[in-house]
Every structure is written in C-alpha cells, then in structure tokens.
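Novice: Below you will find the structure I want to go over with you.
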Amino acid sequence: MSMILSASVLRVRDGLPLSASTDHEQSTGVQECRKYFKMLSRKLAHLPDRCTLKTGRYNINFISSLGVSYMMLCTENYPNVLAFSFLDELQKEFITTYNVMKTNTAVRPYCFIEFDNFIQRTKQRYNNPRSLSTKINLSDMQTEIKLRPPYQIPMCELGSANGVTSAFSVDCKGAAKISSAHQRLEPATLSGIVAFILSLLCGALNLIRGFHAIESLLQSDGEDFNYIMAFFLGTAACLYQCYLLVYYTSWRNVKSFLTFGLICLCNMYLYELRNLWQLFFHVTVGAFVTLQTWLRQAQGKAPDYDV
C-alpha cells in the first residue's frame, strides 16, 4: 500500500529538527531510513531546494525554502505529485504559523513540536487521496514537477553513516562530480539579465566587424588577418561569458576572470580599429558580466558544519 510514513521539519543551516510526526512504523527498513534523515540533515545547505533519495522500498523527498526544509518518508510507489504537494502544504502552513525570526533563533530540538498536529492531519488526508479536495493544486504541482523535476540524490553523495564509509562511495565518485554540474544557481536578477543582453550585443558587434574584416581582406588585402582572429575571439569570449552567467560549472569564477582577460587583450589589439568609447564599452561590459557571474552563486552554498 502506497502511503506517507513520517515527516519532519528541519532548519537548513545546521539540520536542527524543529518538528516531526511521531507515529511512524517501527520496521527495520523504516528505522534504516531514519538514519538517512539524519545524514541528509547535515547536507541540506549543500543540496538543491527540491530533492528525492531512493532507498529501495522507500523514498525520501524534501523541499527547502527560507532556511527551513520539509522532509518526508513514503513508500517507493507513492506518487511524486502527491508527495511534493504534501510538502508544499506543510511549507505554507509553517511559514504562516512561525516567522523567520523564530526559526532562526531556535536553540533546542523540536521546539515547534505542536506543529505535529498539522502534520498528522495532512498526512491522513494524503494517505487517502480520494478525500483530497485540491485537484487544481495537484494539477499545478504536476506541471511544476514536469518543468523542474526534483534532483535525484545518489547514495554516494550522503558520504558516511556512523563513521563507516558508504559502500557506494568509491563507485559513485564520478557520479558525484557529474551531479555538481547540475547545481542550480540563484535566481537571475535584473542586473544579471541586463549583463547577459549587453554581452550578447558585444558578441554580435564583434561578429559583424569580423565579417567586414574578412570582406576587406578578400577585396584589397588591406586588412590584417590577426584583426579577424581578434574579432572572432572577442565574439567567443562574450558568448562564453553568457554561458558562465547562466550555467553552473566547476571553477566558474576563475573561468569568468580569464574570459574577461581575453576580452581585454582582444580590445588592446584592436586599439587602432576602435575609438576610446568603443573600447571602453566592450571592456566595461566584460567587467560587468564578470561581476554578475561572481555575484550569482550556486543555491544553498554555505560553510560546512557539524551537527
């Protein structure tokens, strides 16, 4: 039978449990999953805001928002749309009931244990899907999950439990590296969007001037081929800056600074073909995009901690 077994509310920065359901099954498999709850709680600040961990017969799903994470354990065949709709209801109620100041200043575990009453009522509703009256919300959640599916956490990403390294760790090192490439960035700001558009504009200007330089070279041999290379290198650098601004990669900030250096070198070489205002515009845009890339960091990154 597909059902929700337990749920917890935790603080993201240090994994402090704020509230939890109390009537979960006591089977060996469920108790083993409780260990995964504890392991995940130590890594919440380093994980995306919507995740799933498959542990065989059970799934652990959680969402994070405003420094609080809402985690639940369900059977493997429990529908994703119901699981995340359940978590979404917990999140809305918790945010309405407790302000951010209370959650940030909490010092003892389960200080909001009274929230368990709402968790229990909601769990009962979702364990009997026919009684749900939120079909529109479920439809919206299903669309959202299709557009932005939860991140599937590999077992190796959990590290070790009780001081013993996971048996999956060695085999999954490569998978962990790959997963970092899918790290989500913080939402784009208005200045970031402007930087992206300006970088595209600079790339287009370089591309147009490069084609004109090719025409001039073919017609009169009066154009230096190195100028053509400088224009096209400038185009590639601008487009790569756009890529770094939008997508997360390893050594992202270093790549951005090196790309900005290439833009500066190209414009220094093109000094004779551009006036000071043109040079200033290209270099300034390159610096602006580099700054926006540095400011737009990965979601949830924070200094490591121990619970």
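The values are calculated or read from the model by the stated rules, or taken from the named source; none is laboratory data. Predicted model only: the values in this text are computed from it and were never measured. Calculation scope for accessible area: heavy atoms of the full protein, side chains included, ligands and nucleic acids excluded. Shrake-Rupley method; radii C 1.70, N 1.55, O 1.52, S 1.80 Å.
Novice: Please list 3J(HN,Hα) in residue order for region 269-281, calculated via the Karplus relation 6.51 cos²θ - 1.76 cosθ + 1.60 where θ = phi - 60°; whole Hz, with x for glycine and proline.
Specialist: 5, 8, 4, 6, 9, 10, 7, 5, 5, 5, 4, 4, 5
Novice: Something else: Search the structure for amide H atoms under 5 Å from the amide H of Tyr58, placed 1.01 Å from N in the peptide plane, and list their residues when 5 or more places away or on another chain.
Specialist: Excluding prolines and chain starts, which carry no amide H, the hits are Glu76.
Novice: Additional query: Could you state the accessible area per residue of region 53-118 in Å², with a 1.4 Å probe and every protein chain left in place?
Specialist: The answer is 45 Å² per residue.
Novice: Taking H placed 1.01 Å from N in the peptide plane, check which residues at least 5 places from Leu5 or on another chain put their amide H under 5 Å from its amide H.
Specialist: Leu73, Cys74, Thr75
Novice: Same structure again: Over all directions, how big on average is the projection of the convex hull of the alpha-carbon atoms in region 212-276, in square nanometres?
Specialist: Spelled out: convex hull of the Cα atoms, projected over all directions, averaged, 5.1 nm².
Novice: Would you mind checking which residues have amide H under 5 Å from Leu18's amide H? H placed 1.01 Å from N; only 5 or more apart, or other chain.
Specialist: Hits under the 5 Å cutoff: Val9, Leu10, Arg11, Tyr110.
Novice: Let me see the P(r) profile for region 75-131: every Cα-Cα distance counted, bins of 5 Å, each bin given as a percent of all pairs.
Specialist: Once binned at 5 Å, the Cα pair distances of region 75-131 give 4, 15, 25, 22, 16, 11, 7, 2.
Novice: May I ask which of Lys35/Lys255; Lys38/Lys255; Lys102/Lys146; Lys54/Lys255; Lys54/Lys123; Lys102/Lys255 have a Cα-Cα span longer than 31 Å here?
Specialist: Lys35/Lys255; Lys38/Lys255; Lys102/Lys146; Lys54/Lys255; Lys102/Lys255
Novice: Moving to a separate point now. Which translational diffusion coefficient, to the nearest whole µm²/s, is obtained for region 1-130 from the Stokes-Einstein equation, given a Kirkwood hydrodynamic radius over C-alpha pairs, 20 °C and 1.002 mPa s?
Specialist: 147 µm²/s
Novice: Here's another thing I want to ask about it. Residue by residue through region 104-111, what is 3J(HN,Hα) from phi via Karplus (6.51 cos²θ - 1.76 cosθ + 1.60, θ = phi - 60°)? Round to whole Hz and write x for glycine and proline.
Specialist: 6, 9, 4, 10, 10, x, 6, 6
Novice: With θ set to phi - 60° and the Karplus curve 6.51 cos²θ - 1.76 cosθ + 1.60, what are the ³J(HN,Hα) couplings of region 53-66 in order, to the nearest whole Hz, using x for Gly and Pro?
Specialist: 10, 8, 10, x, 7, 10, 10, 10, 10, 8, 10, 10, 6, 6
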